[in-house]
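The values are calculated or read from the model by the stated rules, or taken from the named source; none is laboratory data. This one's a predicted model, so the numbers in the text were calculated from it and none came from an experiment. Every residue, glycine among them, receives a Cβ derived from its backbone with ideal geometry; neighbour counts consider all protein chains shown.
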Amino acid sequence: MRDWYRLERNIEIPNFARSEGWWNRGENLYMKHYAGAGFTECSGGLQVGDVIIMQVQANEPNHAGVYIGDGLMLHHLYGQLSNQVPYDGYWQDRTVIILRNNY
């Protein structure tokens with residue numbers, strides 16, 4: 001997400017300090033920091049650049065992707081390279097909030 005914003009929008013998203021397994025300790029980092037990083041909650045249709053915050057096999061939101069248009073999301077799962085996937089079914093079901101950077 002940070003790389004996409006730097007390359008596509010020339011926006012530097014802060015790299016918040018975190019340690020392995022933060023999502024298991026109730027730190028809820030996405031929800032604590034999104035406003036300070038320049039994002040607001042949005043509703044309605046997705047726009048290119050919207051950040052999709054998801055909860056994947058955890059008790060709190062622990063995963064993010066960037067909507068890149070045409071029904072696709074760019075994301076980076078732990079231990080894998082970044083890739084594009086359809087934003088549907090599995091990912092939509094785990095979505096907690098959609099964020100937009102008002103650059």
Residues (in contact with a helix residue (DSSP H, G or I) (Cβ under 7 Å, 6 or more places away or on another chain), surrounded by fewer than 17 Cβ atoms within 10 Å (Cβ to Cβ) and either at positive phi or charged (D, E, K, R) (or both)) located in the range 48-68 | 60
When the range 1-23 is examined, which residues are found to be out of contact with any helix residue (DSSP H, G or I) (no Cβ under 9 Å at 6 or more places or on another chain) and touching a residue at least 24 places away in the same chain (Cβ under 8 Å)?
-> 1, 3, 4, 5, 8, 9
Members of the range 62-82 found to be modelled with pLDDT of 95 or more and either in a helix (DSSP H, G or I) or not aliphatic (A, V, I, L, M) (or both), listed by number = 65, 67, 69, 70, 71, 75
In the range 43-61, what residues are modelled with pLDDT of 95 or more and either hydroxyl-bearing (Ser, Thr, Tyr) or more than 21 Å from residue 23 (Cα to Cα) (or both)?
-> 46, 47, 48, 49, 50
Return the total of residues in the range 1-47 being under 22 Å from residue 89 (Cα atoms) and surrounded by fewer than 11 Cβ atoms within 10 Å (Cβ to Cβ).
-> 3
Selection within the range 47-57 - in contact (Cβ under 8 Å) with a residue 24 or more places away in the chain and within 14 Å of residue 96 (Cα to Cα) = 50, 51, 52, 53, 54, 55, 56
Residue pairs qualifying under the 9 Å Cβ cut-off, at least six apart or on distinct chains, with the first in the range 69-87 being surrounded by 14 or more Cβ atoms within 10 Å (Cβ to Cβ) and the second being among the acidic types (Asp, Glu) and at pLDDT 90 or above, are 76/3
Every pair of residues 6+ apart whose Cβ atoms lie under 6 Å, when the first sits in the range 24-44 and is in a loop (DSSP other than H, G, I, E, B) while the second is surrounded by 16 or more Cβ atoms within 10 Å (Cβ to Cβ) | 28/60; 34/99; 37/13; 38/101; 42/98; 42/100
Output yes when any residue across the range 94-103 is at pLDDT 95 or above, among the charged types (D, E, K, R) and within 15 Å of residue 4 (Cα to Cα), and no when none is.
-> yes
